[in-house]
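Working notes, beginning with the structure itself.
The values are calculated or read from the model by the stated rules, or taken from the named source; none is laboratory data. In this text, all values refer to a predicted model and were calculated from it rather than measured experimentally. A quick note on method: Cβ atoms are made from the backbone with ideal geometry, for glycine too, and the neighbour counts reach across all protein chains shown. Surface areas here come from the heavy atoms of the whole protein model, side chains and all, with no ligands, DNA or RNA. Shrake-Rupley method; radii C 1.70, N 1.55, O 1.52, S 1.80 Å.
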Amino acid sequence: MPSSTWDERAEAPVVAATGFADATLPEVGTRQLTRLTQPDDPRLTIDTLLLRRDHPDLVVVLHGALVRKDVTLPRFEWLRTLRERPESLLFVSDPSLQVDEAIPLAWYIGPQEHDVTARLADEVTALAGRLGARRTVFTGSSGGGYASIALAAHTPGSLAVPFSPQTRVSRYERMPVKIFRTRLFPEHPDMDSVEAAHRDRVDLTHRWAAGPDQPDACVRLVHNSGDPGHLEDHVRPFLSAAGVDPDDLEGHPRFSLVFDDFADGHSPPRPAQMRDQLDAALAWHDAVR
């Protein structure tokens, strides 16, 4: 049975449940922090914050890398930026970070023995069903962008709106990747070994490769024009692997790439940019689906 308390930071009641299938949900116009417990490992409890609206869309918001000494979990990134939107909003904190305080980024992948992405996708599907949502949208920046594409792969008919995402863990910065591997995949001596055993989880260029097994979902990539590194290392390889010409996407029914100037380097969008680009992505998806 669900149990309830109150969370001051989230300004919401807290409900603990094994999943959204049996969790008490908030009334329309209110919010609730739902802790989706993991009996096998309490560290992998998924903390979520639902802002429920009377709207056919459910937008799932994921976070990127954290400076752990400056952040208290759970982390609900983009809450202030997006909280006034009309859609139902589900902010999700990556439970992988609870495994070890040294981990700054885990892409919602989880440890080797527990596929957090797959579990979270199932929970989102259950929630969308209970809300009566007709469309599920995943969004986030950088590592949260990676997670949005990964979750869309598990959710037919969904839309991912990643901002300057990674698309292959091993291509990201050396130290965060090393911490991710040693803390969450300790049996593997290097990322080649992790990829050999868990390719679908850590390499989206493989998961979304062109062919009969390509996910039935749409991806609207929003990339920072001041970040050529991620464009060459992550965005272009992803689109090429998906069978799409990165330089000729106009009119494509499932993939789109747009540019916006966030700032020099690997920077997140400004709040107004994120809101505007999300609006544009939904309009694009309305036109192509």
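Observations on the structure shown:
- So residue 187, is it in contact (Cβ under 8 Å) with a residue 12 or more places away in the chain and either in contact with a Ser or Thr (Cβ under 6 Å, 6 or more places away or on another chain) or loosely packed, with under 14 Cβ neighbours inside 10 Å (or both): yes
- Residue under evaluation residue 278, criteria (1) surrounded by fewer than 21 Cβ atoms within 10 Å (Cβ to Cβ); (2) touching a helix residue (DSSP H, G or I) at 6+ places or on another chain (Cβ under 9 Å); (3) touching a residue at least 12 places away in the same chain (Cβ under 8 Å); (4) in a helix (DSSP H, G or I), criterion not met: (1)
- Test: residue in segment 170-182 that is within 16 Å of the chain's Cα centre (by Cα) and either open to solvent by 10 Å² or more (accessible area, probe 1.4 Å) or at positive phi (or both): no
- With respect to the conditions (1) without any contact (Cβ under 8 Å) to a residue 12 or more places away in the chain; (2) in contact with a helix residue (DSSP H, G or I) (Cβ under 9 Å, 6 or more places away or on another chain); (3) hydrophobic (A, V, I, L, M, F, W, C), residue 175 falls short on a single one, namely (2).
- Every residue from segment 208-226 that is assigned to a loop (DSSP other than H, G, I, E, B), within 19 Å of residue 270 (Cβ to Cβ) and among the charged types (D, E, K, R): none
- Residue in segment 194-207 that is over 16 Å from residue 156 (Cα atoms), in contact with a strand residue (DSSP E or B) (Cβ under 6 Å, 6 or more places away or on another chain), part of a strand (DSSP E or B) and open to solvent by less than 10 Å² (accessible area, probe 1.4 Å) present: yes
- In segment 1-42, the residues that are part of a strand (DSSP E or B), open to solvent by 20 Å² or more (accessible area, probe 1.4 Å) and polar (S, T, N, Q): 3, 4, 5
- Taken as a whole, the condition of being of a type outside the set (D, E, K, R) and part of a loop (DSSP other than H, G, I, E, B) does not apply to residue 229.
- Among the conditions (1) within 20 Å of the chain's Cα centre (by Cα); (2) open to solvent by less than 70 Å² (accessible area, probe 1.4 Å); (3) free of Cβ contacts under 8 Å to residues at least 24 places away in the same chain, the only one that residue 246 does not satisfy is (1).
- Index of the failed condition, residue 44 passing every other in (1) at pLDDT 95 or above; (2) more than 16 Å from residue 133 (Cβ to Cβ); (3) of a type in the set (A, V, I, L, M); (4) under 19 Å from the mean Cα position of the chain (by Cα): (1)
- Residues of segment 141-161 classified as within 8 Å of the chain's Cα centre (by Cα) and touching a residue at least 60 places away in the same chain (Cβ under 8 Å), total: 7
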